[in-house]
Amino acid sequence: MKKRKGIKRTKIGKKIYKIYLFRHGQTHYNKNRWFTGWKDSKLTSLGIKQARIIAKKLKNKKIEAAFFTRLSRSKDTLKEILKYHPECHIKIQDDKMIERSYGKLQGSSHASFIKKYGKKRFDIIHRSYNVPPPHGESIKMVEKRVRTFIKDLLIFIKKNKVNVAISAHGNSIRPFRKYFEKTNIKQMMGWKIPYDKYFEYNLRC
């Protein structure tokens, strides 16, 4: 059947479900400018305040399911958000959206790396899309597993028909935003991911 000019076909009966994505609050490693990666660094007092800022921003939203990683900073940030959401009965750990692994550099300082290898090498290791740290992950590698997480997430939302909160990490948020905001690698790598802001996306199903 030909579509008549000027008429938009609507998806009758479909609802919009929300995805609320946010970064954990500042950790002690973040504060001291150390390579964190998969190290389990706790939130600072400022990090807890930042988590509470996000919690208040999401206070009046409806959240029925939540995703987090095994790292305490993800769990503790989510804990602040869910204080306002007794309706959230589904909580799932999923490490496909865990922070980027910095491999052998985890636990070492940015300053010591720069002193030894120079600022140019640091910028490549810290913000290159293709180049991984020694025994670590590039952002390209992180994007591959985050895409798998997104695929599973969309299936989950369509099946359960719920709004979702995701307590993620700076470098796993990058490819998540790139996917939903339809941006390119250069834009993704140029973002500064804030500690006290959330990103909201719609899924119609």
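What follows draws every value from the coordinates through simple rules; no lab data is involved. Please read these numbers as outputs of a predicted model, since none were measured by experiment. When we count neighbours, we look across all protein chains shown, and the Cβ atoms used for this are built from the backbone with ideal geometry, even at glycine.
Here are a few things to note about the model shown:
- Between Leu71, Cys88, Thr44, the Cα set farthest toward the positive side of the dipole of the stretch 17-111 (charges on each charged residue's Cβ, about the Cα centre) is that of Thr44.
- Helix-only [θ]222 nm of the chain, DSSP H runs n ≥ 4, -39500 (n - 2.57) each, per residue, nearest 500: -12500 deg cm²/dmol
- Selection from Phe149, Gly136, His110 lying farthest towards where the dipole of the stretch 16-204 points positive, charges on Cβ: His110
- Radius 13 Å from Cβ of Ala65, net charge of other residues (Lys, Arg +1; Asp, Glu -1): +3
- Bridge orientation summary for the chain: considering DSSP beta bridges with both residues in this region, about 45 percent are antiparallel.
- Dipole-positive endmost among Gly190, Ser167, Ile125 within the chain (Cβ charges, Cα centre): Gly190
- Subtracting the Cα-Cα distance of Glu181 and Lys56 from 0.36 nm times their residue separation leaves 42.6 nm of extension gain.
- For the stretch 46-119, size of Cβ-based charge dipole, Lys and Arg +1, Asp and Glu -1, in debye: 360
- Projected onto planes of every orientation and averaged, the convex hull of the alpha-carbon atoms in the stretch 112-191 covers 6.4 nm².
- Charged-residue dipole, Cβ positions (Lys, Arg, Asp, Glu), the stretch 16-204 about Cα centre, Debye nearest 20: 400
- Measuring between alpha carbons in the structure, the pairs from Lys49/Lys197; Lys56/Lys186; Lys15/Lys192; Lys144/Lys197; Lys56/Lys79 lying more than 22 angstrom apart are Lys56/Lys186; Lys15/Lys192; Lys144/Lys197.
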